[in-house]
Amino acid sequence: MAVKDRDRFSTATRIKLLGEQTAARVYRSQTKRQARRSRLTGRAALLALVLCTLIVALAYPMRQYVSQRAEIADLEREKRQAGERVEQLRDLKARWQDDAYAEQQIRQRLHYVLPGETGFVVIDPDAARQSRADLGAADRPWYANVWDGVDKSDASDQ
C-alpha cells in the first residue's frame, strides 16, 4: 500500500490526473457550446427564413408604390408644364386681340405697306449666297410666307 500511496501522490500521477480532468471539462464545455450553438443556428435559420419571406412578400408592393410615386411626379410635372403653356397661349391670344399688334405682325411677316407708304427690303450680302428657300420673305411669293407662318405656328403647338 505504501507504493500505491506513494504512486497516488507522485507528481507524474497528479499531472496525469489533472490533464484527464481538464480534458473532461473541456470536452463537456465544448459539447454544451455546440448544443447551444446548434440551438442558436436553428433559431437563426428560422429568423432568416421569416425575414426572407417578409422581404419577398413586401418587394412587389414596394416596387409598385415607388413606380406609382414616380408616375405621379411625372404627371404633376406635365400638368405644370401644360398650365404654363396655357398661360402663354392666353397671353398670345390677348396680344392678337389688339389691332395694333395684329397690324404690326402683318406688316412684319407679309411685308404689307399702307397706301402712300414705300416698302423697302434690305438684303444681307450673306443671305444672297444662301439657297432659295432660305432667302428673305420679300424674295418669295406672298402665299409662301403665309404658309410658312401656318407651319411655324403649327410646329410651336407641338
Determine, yes or no, whether R69 is within 30 Å of I106 (Cα to Cα) and either of a type in the set (V, I, T) or assigned to a helix (DSSP H, G or I) (or both). no
Number of the exception - Y101 against (1) at pLDDT below 90; (2) surrounded by 10 or more Cβ atoms within 10 Å (Cβ to Cβ): (1)
Kindly indicate which of S131, S67 is at pLDDT below 90 and of a type outside the set (A, V, I, L, M). S131
Checking P115 against (1) surrounded by fewer than 11 Cβ atoms within 10 Å (Cβ to Cβ); (2) within 25 Å of D151 (Cα to Cα), the condition it does not meet: (2)
Cβ pairs under 7 Å, 6+ apart, first in region 78-101 and on the phi < 0 side of the Ramachandran plot, second surrounded by 10 or more Cβ atoms within 10 Å (Cβ to Cβ) and among the charged types (D, E, K, R): Y101/R95
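The values are calculated or read from the model by the stated rules, or taken from the named source; none is laboratory data. Remember, predicted model here, so these are calculated numbers, not experimental data. All Cβ positions, even for glycine, are placed from backbone atoms using ideal geometry, and neighbour counts span all protein chains on display.
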